[in-house]
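Below: one structure, written as structure tokens.
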Amino acid sequence: MSDVKKILLLPGDGIGPEVMAEVKHLIDWFSSNRGLAFEVEEELVGGCCYDVHGVAVTDETIEKAKKADAVILGAVGGPKWAGVEYENRPEAGLLRLRKDLELFANLRPAICFEALTDASSLKPELVAGLDIMIVRELTGGIYFGEPRGITDLGNGERRGINTQVYDTHEIVRVAKVAFDLAEKRSGKVTSSEKSNVMEAGLLWREEVEKLHKEKYSHLELEHMLADACAMQLVRRPKQFDVIVTDNLFGDMLSDEASMLTGSLGMLPSASLGERDASGHQCAMYEPVHGSAPDIAGQGLANPIATILSFAMALRYSFDMGAEADLVEEAVKGVLDQGLRTADIMQPGKEKLSTREMGAAITRELDKLTTKT
Ligand code: NAD
């Protein structure tokens, strides 16, 4: 990869452009203060793209996304496009990006910042210091398996069909991502499926086990049925480090884990593709939240989820772990100072707008870097 990092920004709809504006400030900060070279382009995605082009994402944007070192996406959707045909809905743009870039590994960290432990629905002692990484398979399984559809049985009944299907390579490549992450963390992977009742789950378990024996036997591997995993996540979440699971169970377990940490406005994510022979890897980073039409345009959105998504891009696409640490430390710093956006507001704390929170984070970066 060249020294100039190519970033494609896709702010999208609703609060997307507002939270993305704070990422632009951060990019400017790193360019001016750390001498990092970014080539930044911006395109439409979602409802705003439909309004202009009649589709939720254009072929040109897909090509740019494929060539970028990292795509940073805000959010898509909103009531304005509720009546748009299924294939052109704002969300279809997101699905097409994931599919065309072959982003098979979805990384969802669930980190509980010390200052926000009270925001969790669990007791503070259960979540204080929580740091889990859920790796969800994103391009296979029941959401894509064939046959699928709704058929008329002709006897007054209809049948809905979806197929859970996984091939070896799909399991192995996502398990590798999980083991590689665990290597840099505590060294423990929990693989979750339903091997007791599903053949696809049994294959998942066997392939993960085989890969572990062949390449990662120095790491700890545990298997846990997905229902038990859901239960353990609320019972004793800190027992987990990296959890790897399929598309369907990952959808649910990652949402469950993220709620342990309090607000949607705090949660980043990364979706990674395979690295090609030249070393290029498609990657998209986005907050977990949606376009929040209820608060759009009011300066109420919390930009931290998108800012932390940019930190993940620094870490996973640009190999700039120190810079990623810096962003995460700056976020922790502002929270420790009692600065809050409305969604994470607590009594006695200071309420900031989206812009003010972004500015507080860059000010904290200034402070952190003049210290070192
Ligand atoms: P949402 O995540 O947009 O909002 C849920 C609630 O959380 C709202 O009350 C909202 O105000 C609040 N919230 C979300 N992000 C916030 C932030 N950064 N700061 C402060 N508060 C925040 O989910 P929804 O309301 O179910 O969906 C709204 C639209 O977003 C829908 O069109 C949906 O399809 C779309 N959506 C898009 C994505 C995506 O782009 N990845 C994900 C989920 C939903």
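The values are calculated or read from the model by the stated rules, or taken from the named source; none is laboratory data. Just so it is clear, the structure is predicted and the values come from calculations on it, not from any experiment. Neighbour counts run over all protein chains shown; Cβ positions are idealised from the backbone, glycine included. To get the accessible areas, we keep the full protein, side chains included, count just its heavy atoms, and leave off ligands, DNA and RNA. Shrake-Rupley method; radii C 1.70, N 1.55, O 1.52, S 1.80 Å.
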What share of all Cα pairs of region 15-58, in percent, falls into each consecutive 10 Å distance bin? 25, 38, 27, 11, 0
Sort out for me the Cα centre separation of region 330-352 from region 107-131, rounded to whole Å. 15
Just Ser120, Ser31, Ser278 to compare: in a GNM of the chain, with alpha carbon springs under 10 Å, which one fluctuates most? Ser278
Cα-projected label distance for Glu350 with Asn196, points at 7 Å along beta-carbon direction, nm: 5.2
The longest stretch of the chain containing none of the GluC sites (Glu not before Pro) that sit in a DSSP loop with at most 12 other Cβ atoms within 10 Å is 158-372
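Can you give the convex hull volume of the alpha carbon atoms of the chain per residue, in Å³? Mind showing how you got there, number by number?
Working: hull volume 60.3 nm³, N = 372.
Normalising the Cα hull of the chain by residue number yields 162 Å³.
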For region 131-259, what are Rg and Dmax over the alpha carbons, in angstrom? 16.0, 57
Tell me what the chain gives for mean residue ellipticity at 222 nm when only DSSP H runs of n ≥ 4 count, each as -39,500 (n - 2.57), the sum divided by the residue total, rounded to 500 deg cm²/dmol. -13000 deg cm²/dmol
If R0 is 25 Å, what FRET efficiency do you get for Thr151 and Glu91 from their C-beta distance, rounded to 0.05? 0.50
Cα-based Kirkwood hydrodynamic radius, region 1-87, one decimal, Å: 13.9
Running a GNM on the chain with Cα contacts under 10 Å, which residue among Ala311, Ala322, Ala56 ends up with the highest mean-square fluctuation? Ala322
Considering only region 136-230, what is the antiparallel percent among its DSSP beta bridges, to the nearest 5? 40
Share of region 267-328's accessible area from carbon and sulfur, percent, 1.4 Å? 49
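How much net charge surrounds Ala226 when only the other residues with a Cβ under 10 Å from the Cβ of Ala226 are counted, with Lys and Arg +1 and Asp and Glu -1?
Numbers: positive: Lys194; negative: Glu193, Asp227, Asp246.
Here the charged neighbours net out to -2.
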How about region 155-229: which chymotrypsin sites (Phe, Trp or Tyr not before Pro) there are in a DSSP loop, with at most 13 other Cβ atoms within 10 Å of their Cβ? none
Of Lys123, Lys194, Lys24, which has the largest mean-square fluctuation in a 10 Å C-alpha GNM of the chain? Lys123
Distance between Cα centroids, region 256-309 to region 182-207: provide it in whole Å. 25
Run the accessible area of region 131-259 with a 1.4 Å probe and give the carbon-and-sulfur part as a rounded percent. 51
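From Cα pairs below 8 angstrom and at least 6 apart in sequence, can you work out the relative contact order of region 131-259, rounded to a whole percent? All intermediate terms of the calculation are to be shown ahead of the outcome.
Values: 212 pairs, mean separation 47.3, N = 129.
For region 131-259, the relative contact order is 37 percent.
Over the chain, what is the relative contact order in percent, taking alpha-carbon pairs closer than 8 angstrom and at least six residues apart?
Values: 776 pairs, mean separation 75.6, N = 372.
After rounding, I find 20 percent.
Considering only protein heavy atoms, what per residue accessible area in square angstrom results for region 131-259 with a 1.4 angstrom probe? The partial results should precede the final answer.
Numbers: 6360 Å² over 129 residues.
Heavy-atom SASA per residue in region 131-259 reads 49 Å².
Considering only DSSP beta bridges where both residues belong to the chain, give the percentage that are antiparallel (nearest 5).
40
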Tell me, what is the FRET efficiency for Ser31 and Arg173 to the nearest 0.05, using R0 = 35 angstrom and their Cβ-Cβ distance as r? 0.55
Hey, got the Cα dimensions of region 46-96 along the principal axes, in Å, largest first? 34, 19, 17
